[in-house]
Structures are given as C-alpha cells and as structure tokens.
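J.: Sharing a structure, written as structure tokens. Questions coming.
The values are calculated or read from the model by the stated rules, or taken from the named source; none is laboratory data. Fair warning: this is a prediction, and the values are worked out from it, not measured in the lab. Glycine also receives a Cβ, built like all others from the backbone with ideal geometry; neighbour counts cover every protein chain displayed. For the accessible areas, the whole protein counts, side chains as well, though only heavy atoms, and no ligand, DNA or RNA atoms are used. Shrake-Rupley method; radii C 1.70, N 1.55, O 1.52, S 1.80 Å.
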Amino acid sequence: MRTLLLCSLLVLPSFAVAVTIDDALDQNGVWQALDVADRTGEVLRAAELRLTLGDFPGAEKNARAVLSKNSGDAAVRLLLARSERARQSDALADALRAARDAKTPAVRGAAYLYASELQTELGDDSAAEKNAVKAATELPDDLDALAAAVRLKRSRPLEALAFAERAARVAAYAPLWQRPAAYRYSAQIWMELELAAKAAESLRRALAFNSEDLDALAAAVKLKAKLTPEALAGFRLKGAPVLPEAAEGPLSDADAKAALDKNPYDLEPLRRLAVSALDAGRKDEASALTLRLMRAVWRAPVWHQAEAYRTAALLWLQLGQKDRAFQALAKALVLQQDSLETQRLGFGVPRGEEVSNNSVVLYIHCTAAEARLELGDRDGAAAMIDAALKLDPKHGWAKRLKDSLKK
C-alpha cells in the first residue's frame, strides 16, 4: 500500500523541450533528449537513450550506424548486444566480440558479465560460469560480477565461498556512503550459499552505520527463521558489539578533482565535491556537480545506482530543488521497487522536506520498531517507539506499538 502511495506521488512535472541533450535529461525528459539527439545527429547518444526507453530496434539501428564507421568500438558493440536482447544468440555473439575487442577492463568485464547472463538464460551454465569468473577477474570490486560467480559456482561450494569472501571484503572497503548498501548486497550473496550466519553478520554491519536502516532490518526479518538464538541476539540494539570497520582516509577536494581528471564519471569524487561545495555555501557549484552525478550514474555498476540516486535526491533536497529530488528518487524506485529506504525518503520529497522532517522520522522510527519486534529486540523497539512518541505523543502507530510491548 505504501509503495502504491509513493508511486502515485511520483508524478513528475512536465517541461518545455530543452536546448541540449543533458538539459532535457536533467528535466527527466528522455523523449525530449532523444529528439535533441536525433536533430543534432548525435547517433550514439540517441542509441543510449533509446535503450533506456526500451526502444530496442531503434537502439540497434543507431548502434549499427556508429559501428559502420568504427566496427572495433567495443563499448558500442556491447550497446548493440544489449539492444539485441530478444535475439539472445545474436546478443551473445556481439557481447563476446565486445569482450575480445575491449581495450579497458571496465568494458571487457561488463561484456563478459552480460555474456554470462545471456548464457544462463540459454541454459549454458558451464560457459556462463567461465564468463562470470572472467568478469570478476576484470572487475575485482564489482559485486554484481562476484554475485554471478557465486551463483554459478554453488555446486562447488568451496570455489563459491572464495568469491563470497571476496564480496565481503569489497563491501568492507566500499566508500562510506555506499558501504551499507554493499553490506546488504553481501548478505544476499551469502544467502546464495545458504550461510545465514554470514548473511546476518553483513546485515549487522549495515545496521552499525544506521540502526534504523529499513532495508537491512527487513532483510534480517526474512532471515530470522534460519538463525540460531545467538545469531539473532546480535541484532539487539542494546549491547550490540561495535564491529570494526575498514579505515577510509578522507578524500580531499584536490584528490577528488584529480580522480575526475582520470574518470569524469567517477561517482565518489563527484559526490564528495558536491557535498563540499554545498557545505561551503556554493550552491550553484553544488547543483552543477549533482547534475554531473546524476548523468554519470547509469555508467556505474548496477549495485551502485540506487544508492547514488538516493544520494542525489538528498543533495537536491538540501539545495531546495524538489522537482529534481523527485526525478532522482523515481530512478531509485525503478531500480529497487521494494526498497523501504527509497520509500521513506519519498514521503518527505513531495513536500520538499528534508528527511529530518517529523513525519518522515516518525515513519522511520515506527517501521524500524516493528522490524525489531519481529527480531525479538524488545529493548531496541522500545527505544525507537519512545523516540517517536517524544516527537508526537499522540502518534497512533507509535501508541499501538507501545501497547504491544505490554503484552
């Protein structure tokens, strides 16, 4: 019901046709952006946009036009393969050619990973496994590639375990703003091997960042039937052990700018510079950097994308740009339709409010309290209920939860 409510709220405003492709995209006008790309002859951008819109025949036509002038462009070859998804054999042939032609690990790894997905669908698990391992070799920090390797190696648990352990290490060293999402993904990977205790540890690490991480709590509730009482007790807020975290040196503005010189689509320095500009009161600069962050997200590994869009939504809210916060949140919701973290942010966005707004915080407190009650953490639930009632002593949901503690 709450998901439906949020979706009904995400009715994005209409805009006039923009002058440039990026202007149109910033206004969430993909069709307008495509019109600009067609009119200006930017065939590759048109292919990317058509793929986003699900116009696979159109994307294929554009991609082939680009390849007719440069058949060795592996990134465009991979785009062609994605547009051929309905013809899996053709898509697979082009994905493998893209992997062969690629000059960078990023493109080569993405091509191997896509080939692995296609081979899984075609029932060729042996070839899919080999290409998943190649993808994980080219992209050692990509949780999507590591998850694929684990999934395809389940029949050989020791080999699968090695990839799952690698994924856990990647999560531990992810940038701090992405680390909770990385730990939640690590928990999913452990569950591919039915290692509930390991999954629980990853979720506890996510909750160490935010005891009201709604997605981590929801995952823990689903997991509880498979946990020992000792493992379940680890989710208790009171007396929970402090888990050691991998050290992360602060990224200076100079380091962030240097990183962007090497890769203008790197999400971490874009986020860092946007936050820095916002903190310094340079709102125009922060806005421009948040736009760049939004434009760069689709190039990032899939598991980064929802968190990046949520981060952009928070930046837009702090900049007072509600419409753009809507756009970022809508994109996150498409990627993770069941994410409670995205939904709770959405309840503040329609009013242009920060997540510190009382109504949003009450929703977080009560949802987290319900989850902690499910986990048997009555003390943790009580603390969150009390926090909610402190904000609003007459809040009906919080009062009902308080009454349930007396039973």
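J.: Report the far tail of the P(r) of region 31-157, meaning the percent of Cα-Cα pairs longer than 22 Å.
T.: 38 percent
J.: Separate question: To the nearest 10 square angstrom, how much accessible area does ASP266 have with a 1.4 angstrom probe?
T.: 50 Å²
J.: Could you order TYR185, TYR114 so the one with the most accessible surface comes first? Probe is 1.4 Å.
T.: Ranked from most to least accessible, the order is TYR185, TYR114.
J.: List the pairs from LYS222/LYS262; LYS198/LYS407; LYS322/LYS394; LYS103/LYS257; LYS322/LYS406; LYS69/LYS262 whose alpha-carbon separation is above 31 Å, in the order I gave them.
T.: LYS222/LYS262; LYS198/LYS407; LYS322/LYS406
J.: Go through 94-105, 75-86 and give me the packing order, highest mean Cβ count within 10 Å leading.
T.: For the peptides 94-105, 75-86, the packing ranking is 75-86, 94-105.
J.: So, in Å, what gap is there between the alpha-carbon centers of region 361-407 and region 316-335?
T.: Each part's Cα centre sits 28 Å from the other's.
J.: Next up: Considering only protein heavy atoms, with the full assembly of protein chains and a 1.4 angstrom probe, order TYR265, TYR363 by accessible area, largest first.
T.: From most exposed to least exposed: TYR265, TYR363.
J.: If you don't mind, another one. Running Debye on region 120-276 with equal point scatterers at the Cα sites and no solvent, what base-10 log of I(q)/I(0) appears at q = 0.16 Å⁻¹?
T.: One equal scatterer on each Cα of region 120-276 leads to -0.96.
J.: Report HIS395's accessible area, 1.4 Å probe, all protein chains in place, as a number in Å² to the nearest 10.
T.: Roll a 1.4 Å probe over it and HIS395 shows about 40 Å².
J.: Express in whole angstrom the spacing between the alpha-carbon centres of region 142-182 and region 292-307.
T.: Computed from Cα coordinates, the inter-centre distance equals 19 Å.
J.: Let me ask you something else. Test of understanding: express the Cα radius of gyration of region 87-133 as a ratio to 2.2 N^0.38 Å, with N the residue count.
T.: 1.03
J.: List, in order, the whole-Hz ³J(HN,Hα) value for each residue of region 159-165 obtained from phi through the Karplus relation with A = 6.51, B = -1.76, C = 1.60 and θ = phi - 60°; use x for Gly and Pro.
T.: 5, 4, 4, 4, 6, 5, 5
J.: Given the whole protein assembly as supplied and a 1.4 Å probe, what does the accessible area of ASP141 come to in Å², nearest 10?
T.: Its heavy atoms expose roughly 110 Å² to the probe.
J.: From the backbone phi of region 132-141, what are the Karplus-calculated ³J(HN,Hα) couplings (6.51 cos²θ - 1.76 cosθ + 1.60, θ = phi - 60°) in whole Hz, Gly and Pro given as x?
T.: With the stated coefficients, region 132-141 comes to 5, 5, 4, 4, 5, 6, 6, 10, x, 9 Hz.
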